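**Q** Here it is, the structure, as structure tokens.
The values are calculated or read from the model by the stated rules, or taken from the named source; none is laboratory data. Note that the coordinates shown come from a computational prediction; the quantities given were computed from them, not determined experimentally. Neighbour counts run over all protein chains shown; Cβ positions are idealised from the backbone, glycine included. SASA here: full protein model, heavy atoms, side chains in, ligands and nucleic acids out. Shrake-Rupley method; radii C 1.70, N 1.55, O 1.52, S 1.80 Å.
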Amino acid sequence: MSSALPDSLPGWLALLEARHGQHIALGLERVAAVRDRMAVACDAAIITVGGTNGKGSCCAMLEGILLAAGYRVGCYTSPHLLSYNERVRVDGKDASDARLVEGFAAVEAARSDTPLTYFEHGTLAAWHVFAAERPDVIILEVGLGGRLDAVNVFDSDCTLVTSVAMDHMDYLGDTREAIGREKAGIFRSGCPAICGDPQPPASLVEHAAAVGAELWISGRDFGFGGDRQQWGYWRYTQPPAQGSLVKRGGLAYPALRGANQLLNASAVITALECLRARIPVSMQHIRQGLMLVEVPGRFQVLPGRPSVVLDVAHNPQAAGVLADNLGNMGFYPETWAVFGMLNDKDVAGVVALMSDRVDHWLLADLPGPRGLSAEALGKLVRTATDKDDVRCFGSPSAAFAAAQKEVTEGDRIVVFGSFLTVADVLAAIKAAKH
């Protein structure tokens, strides 16, 4: 172990970024070996959440409901928007720098000469934080895929796959069947596995059967319905679509905006219903948790005028949901897009789905080796849309500042395309308030 380890969180993050050039190295053997050497026990119930889109929303809903029910809750998510501490929460609060430094140091002490990526080191550090805090429930969000993701070294009591769509194809495969198999890798024998995708790939269903997981599928074993005022949840008492039918009505819509959130909410309720013998929650706790849940950057509409919408949508499925949600917002004379994406994403697919919703494209350079330049983005946007106003900027915050100067009070600005895009604009908004 190095004799000169950092004593601050920024120091640790800089060290981890510099140490391992390969940002994504799939595989569990190294992480499991360090986990075992850490020898940190935790007897919390574990819920692992995977899927292409909706993971962050489901984690936030689970966290909100369980906190409303009085449980101590640890929640590990990624990536973060403004500070690393957002990734590790205990009882709804971001972990302190001191706690995270303790965690990073504990992983380093157990690591010896085993190489770990930034994400793997962070995952094990989060586990150390949770073990010290002793929560009743731990929620783990998969970073990428599932089968070979670092969080999969921890055996969960219930798993939830939100959706299966095309993303990260370089790592997960270029078909829904291949991607579905990777997502299903978090399923465990004899444990409930919730699928929030009403049309799951056959590979996901087959893998659940092969490992002996209890698979619950949206639309088959559970689901939702509703009107403009309220919605209702239903499920069979056992899958596949067997047993008696249970209905829960009179639910207020989740605080998170967008019709897709009912898909997420019904999957979350099903997961909690499956764990009710161990962590019982009432319908009142569910109502409370859903009404108060917040997730920055997921169709987040800022107060005031003009309207500002922040959404981390970075693949076609998420862009389609964003386009639908924008369509349901009402009339705006002009929509200004602050748009930046990474170069390994389906930019053309995203632009095609958003083109009818956007009047002005303000494109931004994104940093790092995966960041797409505004100029390269501009070529793709001009090919896919007939809009005349397509401009390039050095950063999302610069593009946002330009939009602010030109919008009228009745217009709206939509910031989307990447966590990096939303984070840069959020940081600029925060700085402007101080």
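**Q** Determine whether R35 is surrounded by 17 or more Cβ atoms within 10 Å (Cβ to Cβ), in contact with a Pro (Cβ under 8 Å, 6 or more places away or on another chain), part of a helix (DSSP H, G or I) and of a type in the set (K, R).
**A** no
**Q** Got a sec? Which of L172, L251 is among the aliphatic types (A, V, I, L, M), within 20 Å of the chain's Cα centre (by Cα) and modelled with pLDDT under 95? Even if it seems obvious, please write down each step before you answer.
**A** Numbers: L251 fails: within 20 Å of the chain's Cα centre (by Cα).
Of L172, L251, the one residue that is among the aliphatic types (A, V, I, L, M), within 20 Å of the chain's Cα centre (by Cα) and modelled with pLDDT under 95 is L172.
**Q** Oh, and also: Going through segment 268-293 one residue at a time, which ones are among the hydroxyl-bearing types (S, T, Y) and open to solvent by 30 Å² or more (accessible area, probe 1.4 Å)?
**A** At the first step, the residues of segment 268-293 found to be among the hydroxyl-bearing types (S, T, Y) are 270, 282.
Selection gives S282 alone.
**Q** Restrict the check to segment 137-145 and report whether at least one residue is part of a helix (DSSP H, G or I) and out of contact with any Ser or Thr (no Cβ under 6 Å at 6 or more places or on another chain).
**A** There is no residue in segment 137-145 that is part of a helix (DSSP H, G or I) and out of contact with any Ser or Thr (no Cβ under 6 Å at 6 or more places or on another chain).
**Q** Count, please, the residues in segment 398-420 that happen to be out of contact with any strand residue (DSSP E or B) (no Cβ under 8 Å at 6 or more places or on another chain) and either open to solvent by less than 40 Å² (accessible area, probe 1.4 Å) or in a helix (DSSP H, G or I) (or both).
**A** Qualifying residue count for the region: 4.
**Q** I've got another one for you. Determine which member of the set A423, A352, A432 is open to solvent by 40 Å² or more (accessible area, probe 1.4 Å), closer than 25 Å to Y84 by Cβ and either polar (S, T, N, Q) or not in a loop (DSSP other than H, G, I, E, B) (or both).
**A** Among A423, A352, A432, only A432 is open to solvent by 40 Å² or more (accessible area, probe 1.4 Å), closer than 25 Å to Y84 by Cβ and either polar (S, T, N, Q) or not in a loop (DSSP other than H, G, I, E, B) (or both).
**Q** Let me ask something else about it. Would you call T48 assigned to a loop (DSSP other than H, G, I, E, B), of a type in the set (V, I, T) and within 20 Å of the chain's Cα centre (by Cα)?
**A** For T48, the condition - assigned to a loop (DSSP other than H, G, I, E, B), of a type in the set (V, I, T) and within 20 Å of the chain's Cα centre (by Cα) - is not met.
**Q** A further question on this structure: Report yes if D174 is open to solvent by 50 Å² or more (accessible area, probe 1.4 Å) and either in contact with a helix residue (DSSP H, G or I) (Cβ under 7 Å, 6 or more places away or on another chain) or in a loop (DSSP other than H, G, I, E, B) (or both), otherwise no.
**A** Working: open to solvent by 50 Å² or more (accessible area, probe 1.4 Å): yes; either in contact with a helix residue (DSSP H, G or I) (Cβ under 7 Å, 6 or more places away or on another chain) or in a loop (DSSP other than H, G, I, E, B) (or both): yes.
Taking the combined requirement at face value, the residue satisfies it.
**Q** Here are R248, R257, R181: which of them is open to solvent by 10 Å² or more (accessible area, probe 1.4 Å), closer than 30 Å to K345 by Cβ and either aromatic (F, W, Y) or not in a loop (DSSP other than H, G, I, E, B) (or both)? Show your work before the answer.
**A** Numbers: R248 fails: closer than 30 Å to K345 by Cβ; R257 fails: either aromatic (F, W, Y) or not in a loop (DSSP other than H, G, I, E, B) (or both).
None of the others qualify; the one that does is R181.
**Q** Give the residues of segment 72-114 that are open to solvent by 30 Å² or more (accessible area, probe 1.4 Å) and assigned to a loop (DSSP other than H, G, I, E, B), sorted by residue number.
**A** If the condition is that a residue be open to solvent by 30 Å² or more (accessible area, probe 1.4 Å) and assigned to a loop (DSSP other than H, G, I, E, B), then R72, P79, H80, L82, S83, D91, G92, S96, S112, D113 are the ones that fit.
**Q** Another one. Against the condition at negative phi and within 25 Å of the chain's Cα centre (by Cα), how does A423 come out, does it pass?
**A** yes
**Q** Just the residues that are assigned to a loop (DSSP other than H, G, I, E, B) and open to solvent by 40 Å² or more (accessible area, probe 1.4 Å), please, taken from segment 213-234.
**A** G219, R220, D227, R228, Q229, Q230
**Q** Can you name every residue in segment 189-200 that is surrounded by 20 or more Cβ atoms within 10 Å (Cβ to Cβ) and in contact with a helix residue (DSSP H, G or I) (Cβ under 7 Å, 6 or more places away or on another chain)?
**A** Answer for segment 189-200, where residues must be surrounded by 20 or more Cβ atoms within 10 Å (Cβ to Cβ) and in contact with a helix residue (DSSP H, G or I) (Cβ under 7 Å, 6 or more places away or on another chain): P192, A193, I194, C195, G196, P200.
**Q** Sticking with this structure for a sec: Name the one entry in A60, A32 that is more than 28 Å from A259 (Cα to Cα) and modelled with pLDDT of 95 or more.
**A** On the way: A60 fails: more than 28 Å from A259 (Cα to Cα).
Only one candidate passes the filter, namely A32.
**Q** Name the residues in segment 294-310 that are in a strand (DSSP E or B), open to solvent by 20 Å² or more (accessible area, probe 1.4 Å) and within 17 Å of A427 (Cβ to Cβ), would you?
**A** Q300, L302
**Q** Same structure, new question: Failed condition for V151, given (1) surrounded by fewer than 18 Cβ atoms within 10 Å (Cβ to Cβ); (2) in contact with an Asp or Glu (Cβ under 9 Å, 6 or more places away or on another chain), with all others met?
**A** Failing condition for V151: (1).
**Q** Quick check, is G122 within 27 Å of R276 (Cβ to Cβ) and within 21 Å of the chain's Cα centre (by Cα)?
**A** Judged against the criteria, G122 is not a match.
**Q** Within segment 184-194, does at least one residue satisfy the condition of being part of a helix (DSSP H, G or I), closer than 18 Å to A45 by Cβ and not charged (D, E, K, R)?
**A** Within segment 184-194, the subset part of a helix (DSSP H, G or I) is 184-186.
If we keep only those that are closer than 18 Å to A45 by Cβ too, we end up with 186.
Checking which are not charged (D, E, K, R) leaves us with 186.
Checked against the condition, which is being part of a helix (DSSP H, G or I), closer than 18 Å to A45 by Cβ and not charged (D, E, K, R), segment 184-194 yields at least one hit.
**Q** Can you tell me which of (1) farther than 23 Å from L13 by Cβ; (2) open to solvent by less than 10 Å² (accessible area, probe 1.4 Å); (3) at pLDDT below 95 is the one T117 doesn't meet?
**A** Among (1) farther than 23 Å from L13 by Cβ; (2) open to solvent by less than 10 Å² (accessible area, probe 1.4 Å); (3) at pLDDT below 95, the lone unmet condition for T117 is (1).
**Q** Could you tell me which of the residues V338, V351, V295 is touching a Leu at 6+ places or on another chain (Cβ under 9 Å), under 22 Å from N264 (Cα atoms) and not basic (K, R)?
**A** Selected residue: V295, the only one of V338, V351, V295 that is touching a Leu at 6+ places or on another chain (Cβ under 9 Å), under 22 Å from N264 (Cα atoms) and not basic (K, R).
**Q** Please specify each residue of segment 323-348 satisfying the condition of being open to solvent by less than 20 Å² (accessible area, probe 1.4 Å) and either assigned to a helix (DSSP H, G or I) or of a type in the set (K, R) (or both).
**A** Listed by number, the residues that qualify are A323, N325, L326, V347.
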